[in-house]
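The values are calculated or read from the model by the stated rules, or taken from the named source; none is laboratory data. Source: prediction; values computed, not measured. All Cβ positions, even for glycine, are placed from backbone atoms using ideal geometry, and neighbour counts span all protein chains on display.
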Amino acid sequence: MAFRDIALAVLVALVWGFNFVVIKAGLDSFPPLLFSALRFLCVAFPAVFFLRRGSLTWRTLLKIGVVLGVVKYSLLYLGIGAGMPAGLSSLAIQSQVLFTTVLSAVLLKDAPSRWQWVGMGVALSGIVLIATTRQGSVSGVGFALVIAAAVAWAFANILIKQAAAKDPFTLMVWMSVVPPLPLLVLSFLFEDGQREALSRLTLQGLGAVLYTGLLATLLAFGLWGYLFRKYSPNVVAPFALLVPVFGIASSVLVLGERLSALSLVAAGLVFVGLAIIVLGARRAGAEAWKLK
């Protein structure tokens, strides 16, 4: 990957990492499904009136909108609402890397290289180590919901890759037209307190909607889609392993969560694993070039 694209991938991880602290704050103001619906309303309107849909088909938008917008975010918000800590949620959701790798190999015939497997193992060992140092705070139901969200994210990664959109920002805006209505219906059926939440809207709640909508969705997923269109999913997806590092650091700084020395070692493993994955991919690419 070019240095500029590596920097973009790290920026996306930073935005997504801090996003878990913002989600935690937003859930203090809104029920989970309503909060998710407001997130996508913020992305779609009024931007959809200024961006042409272009060659994007409604079939593609519906698939990505349902899998990414409705399924993944419903499960994630419900998981955090069920008691999963912000930092640990940013960690558990990154199991999508394994699911993305498997789906990429099966559906796209894009098996990872030996170096990528090694780097993945090192990085995931860091994630497992972080998880084992925080087991006391794990909610069983919340953890299961977040892992299910990771599976949905992996499917969404493949759908975004297959869409091959020329403009990922347009894709994210038009995809965001899909989730609000189903999410609002689900909220109406299964949640309470929506009217009170909207009538007592605070700056914290408004800020959470704007951050999760404009930055964590439109900007971050737009850049993510650009990277997936340009590179193999096996090269891009591992950068998401940085999200729990930023997420836990944000939780320490903003929410006052304690970070042990063992957790710092685990975060270091994530960085080392990511370096092996990136450098290994470059080496594999160079060897392939020599064989041509």
- Query: Within region 123-158, can you find the residues that are at pLDDT 85 or above and either closer than 13 Å to Val270 by Cβ or not in a helix (DSSP H, G or I) (or both)?
  - Reply: Ser125
- Which of the residues belonging to region 43-61 are in a helix (DSSP H, G or I) and either farther than 20 Å from Ala220 by Cα or in contact with an Asp or Glu (Cβ under 9 Å, 6 or more places away or on another chain) (or both)? Phe49, Trp58, Arg59
- Message: If Val66 meets every condition in (1) among the aliphatic types (A, V, I, L, M); (2) buried (at least 22 other Cβ atoms within 10 Å of the Cβ); (3) at pLDDT 90 or above apart from one, which number is that one?
- Response: (2)
- Task: Could you grab me the full set of residues in region 28-42 that are part of a loop (DSSP other than H, G, I, E, B) and crowded, with 21+ Cβ neighbours inside 10 Å?
- Result: Ser29, Phe30
- Note on the structure: Selection over region 167-201 where residues are basic (Lys, Arg) and either modelled with pLDDT of 95 or more or part of a helix (DSSP H, G or I) (or both) yields a count of 1
- Could you list, in sequence order, all residues of region 93-122 that are buried (at least 24 other Cβ atoms within 10 Å of the Cβ) and part of a helix (DSSP H, G or I)? Ile93, Gln94, Gln96, Val97, Thr100, Gly119
- Message: Condition check: under 16 Å from the mean Cα position of the chain (by Cα) and touching a residue at least 24 places away in the same chain (Cβ under 8 Å). Does Gly87 satisfy that?
- Response: yes
- Apart from one, (1) in contact (Cβ under 8 Å) with a residue 24 or more places away in the chain; (2) assigned to a helix (DSSP H, G or I); (3) farther than 29 Å from Glu196 by Cα all hold for Ala25; the odd one out is (3)
